[in-house]
1. So how tilted is helix 415-426 from the main axis of the chain? Cα-based, degrees 0 to 90, rounded to 10.
2. If each residue of separation counts as 0.36 nm, what is the full-extension length gain between D264 and E330 once their alpha-carbon separation is subtracted?
3. Per residue, what volume in Å³ does the Cα convex hull of region 407-495 take up?
4. Estimate the FRET efficiency between E79 and E32 by the formula 1/(1 + (r/R0)^6), using the beta-carbon distance for r and 35 Å for R0, to the nearest 0.05.
5. On the accessible surface of the chain, probed at 1.4 Å, how many percent belong to carbon and sulfur atoms?
6. Taking region 366-457 on its own, what percent of its Cα-Cα pair distances exceed 21 Å?
7. Show the residues, 5+ positions off or on another chain, whose built amide H is closer than 5 Å to the amide H of I287.
8. Based on the Cα atoms of region 16-168, what semi-axes does the equivalent ellipsoid have, where each is the square root of 5 times one gyration tensor eigenvalue, given in whole Å with the largest first?
Amino acid sequence: MELKKIVLGLEGIKAKGNLDLEIEGIENNSKEVKKGYMFIAIKGFSTDGHQYVENAIENGAIAIMVEEGCDLKSLKIPEEVTILVVKDTRVALARCSCNFYGNPSLKFKLIGVTGTKGKTTTTFMIKEILQKAGKKVGLVGTIGVFINDKQIRGNDRTTPESLKLQEIFKEMVDAGVEVVIMEVSSQSLKLHRVEGCKFDIAVFTNLAEDHISANEHPNMEDYFNAKLKLFEMCRVGIVNSDDLHSAKIPRLFPDNDIVTYGIDNYANVLAKDITITNAYVDFRVKITDRNERVKTGIPGRFSVYNSLAAICVAQKFGIDSETVKQALEEVRVPGRSELVDNKMGLTIMIDYAHTPASLQNILEASKCYTRGKIISVFGCGGDRDPIKRPIMGEISGKIAEYTILCEDNPRTEDANKIIAEIEEGVKKTKGKYEIVFEREKAIEAAIKMANKNDIVVITGKGHERYQERNGVKYPLDERAVIKEVTDKMAEHKKK
């Protein structure tokens, strides 16, 4: 594509060199640059892409885009290389990526789901409903990238970088996808990863204290304002009326078409007569013009909220109630309240909960339907918000009868230090606990102390199949650990 077409729509651009160049590709990683590419230098949290301009040119870049204020003389860019200077290279990367891949989000319906909790489950519920209605559906989120039930890529972040996102969207267009549902993180909104996307529906699940750190959001106001950008990009919205923050959205965007859902407060779509068991929830709700009994095989009160959000989306598409009910009953989400079958007949649940609010939700939900004790197994990730560690320890100590602390993606931090910080919170409670450093052994210890009336709740990893230490991801599949432990226990019981 011609360079001048790639930069179409960018404001305040300054250029030196030939704009009639034929560009073979765009990259913001100098290592991935090939002959005929344009390199866009991004200032990151840990590294500055401007430092790698010379590497990009050596690898074949024929055009370089930099941010205003950088020292062009120090970059030593040859005369034959076109230089483009813009105010914000993150915005420019997103806009150029949209142009390069033919603005794919204009060619399908795009649903964005944002919020602290529930994004992944809600997107899977929406996907299941739309598929049942006969549509070809794409999904982009924490667990990976899917077209219908086939996973086509993994994903190292909730919302991919803008360049990768537009490439994925183009792939979906080529595959004939009609609707794409994506998790939209606050970071992706703040860092312009979804700039240039045309959203048809925006969903806001809730907002809780999370992602407050030097590298993410300085405070809750900044966190909330980042989420609100999605409603500035989309006139049709679906929000949770029971959440203190999202309930403000109809007033903040009076000209938008916003539908509310909830349990406790007035809402357009309201759940009543809720039943929660250890295997499902069901409730009564008005779908189109009829009151229906809806059931979903994901236990917990939060599943009602996620189901309501999905029902609201289904109504926007005019999908009939029987299709909605069947889809919600059949949907399963890897690592989200995932009950793991085992030969010992024990109730063992894997969940991605890795924040105070999500841990409290999953443990309180388990408390509602468990006759025996709750055995909680968790740790906290390294290089992430350290303030939440003692808070989560206190939550588990108060709700669970027994807590086992272990490592969970320590990354570049000392796992023992992280566990000690969690332990400070547990110590404030009367809850019994122990530390079993290795996660596999912690899971084994929890299973061996459980009986059939108990529930083992293993949180933090969910769908992840690795343990990350110092930049290396070591294989760790909690389902395989559970199977190995329970198979041995069942075999021993026979003897």
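1. 50 degrees
2. 21.1 nm
3. 109 Å³
4. With a Förster radius of 35 Å, E is 0.90.
5. 47 percent
6. 27 percent
7. Sorted by chain and number, the residues that satisfy this are E292.
8. 36, 16, 13
The values are calculated or read from the model by the stated rules, or taken from the named source; none is laboratory data. Because the structure is a prediction, the values reported are computed rather than measured. Glycine also receives a Cβ, built like all others from the backbone with ideal geometry; neighbour counts cover every protein chain displayed. Just so you know, the surface numbers come from the protein's heavy atoms only, side chains and all, with ligands and any DNA or RNA stripped out. Shrake-Rupley method; radii C 1.70, N 1.55, O 1.52, S 1.80 Å.
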